[in-house]
Amino acid sequence: MKLSVDHNSSTPLHVQAETLLRSLIEKEVYKNGRLLPREVDLASQLNISRNTLRQAITTLVNEGLLVRKKGYGTKVAQQRVLSEAGKWMSFSQEMKTMGIEVHNFELHIAWAQPTADIAAFFNLAPQTRVLWLRRLRGKKDFPFVYFISAFNPEIGLTGNENFNQPLYEILARDYNIAVKRSKEEISAAGADEFIAAKLEISPGDPILVRKRYVYDANGLPVEYNTGYYRADSFTYTIECV
């Protein structure tokens, strides 16, 4: 496949290269695992520097579309299940619909710097501290999910709130934050020693990792939540209409 960029265009070369890469990775041969052309070959074909090409590739790596391994090459990332439900429910609401009373077995609060993903989600400087909430939750006498949440500092949470109360009721009542929508990613994994101990399973046992990107009614990012579920206790259902 012959690829080219327009060196006379006002569009920056790295943006043009990014556009070409987006079209390239949609081809079935690359979706099926074939490595992308080598950087040196692709840069030569486009007549651009490797740094310019690498800038485009890095953008797609950061978006989770490409995976790059030193000494191996670059390939299309395996896509995870992504759901944006029309009717959003909190974990407590989900459990209530099933008649399950939620219990908190552990609850830890701390202020700390965000990860790079969380800083990007909230559009924060990396050194900005955020409020972290870690909770082990489940049915009575049976913990089945470990949650790690980080909150947008713009909300105004202090860390002194009673987080044994429903989280989104606190946000609505005390901070006028009406949570309305979330985007989700679901993936399968093996439990590491820490999560296994929390969920009372063995290291390597299957778990489901559920990431929730939570927004308020105005589109403000509110919460970055990761839940680690026992695979024998959680089923995720999507209804398509």
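Give me the helices (runs of 4 or more DSSP H) completely within region 3-51, filtered to those with at least 2 residues that are in the same structural domain as Leu65 (by TED's automatic domain parsing), surrounded by 15 or more Cβ atoms within 10 Å (Cβ to Cβ) and not charged (D, E, K, R), ordered by residue number.
Details: elements: 13-24, 28-31, 39-46.
Per the criteria, 13-24, 39-46.
From the residues in region 202-212 that are under 17 Å from Arg135 (Cα atoms) and of a type outside the set (D, E, K, R), which one is farthest from the chain's Cα centre (by Cα)? Working first, answer last.
Taking region 202-212 first, the residues under 17 Å from Arg135 (Cα atoms) are 207-212.
Of the ones still in play, those that are also of a type outside the set (D, E, K, R) are 207-209.
Working: Ile207: 16, Leu208: 13, Val209: 10 Å.
Residue satisfying both the conditions and the ranking: Ile207.
In region 1-55, what residues are closer than 20 Å to Lys70 by Cα and of a type in the set (Val, Ile, Thr)?
Passing the criteria: Ile25, Val40, Thr52.
Considering only residues that are among the aliphatic types (A, V, I, L, M) and in contact (Cβ under 8 Å) with a residue 12 or more places away in the chain, which ones fall in region 32-60?
Here is the first cut: in region 32-60, the ones among the aliphatic types (A, V, I, L, M) are 35-36, 40, 42-43, 46, 48, 53, 56-57, 60.
Of everything in region 32-60, those that are among the aliphatic types (A, V, I, L, M) and in contact (Cβ under 8 Å) with a residue 12 or more places away in the chain turn out to be Leu35, Leu36, Leu42, Leu46, Ile48, Leu53, Ala56, Ile57, Leu60.
Of the conditions (1) outside any loop (DSSP other than H, G, I, E, B); (2) under 21 Å from the mean Cα position of the chain (by Cα); (3) at pLDDT below 85, Thr58 satisfies every one except a single condition; which number is it?
So Thr58 meets the others, but not (3).
Please go through region 108-128 and give me each residue that is of a type outside the set (Gly, Ala, Ser) and modelled with pLDDT of 95 or more, ordered by number. Please lay out each step first, then the result.
Narrowing region 108-128 to residues of a type outside the set (Gly, Ala, Ser): 108-109, 111, 113-115, 117-118, 121-124, 126-128.
Those that are of a type outside the set (Gly, Ala, Ser) and modelled with pLDDT of 95 or more: His108, Ile109, Trp111.
The values are calculated or read from the model by the stated rules, or taken from the named source; none is laboratory data. Predicted model, so just to flag it, every value in this text is computed and none were measured. As a convention, Cβ positions derive from the backbone with ideal geometry for all residues, glycine included, and neighbour counts pool all protein chains shown.
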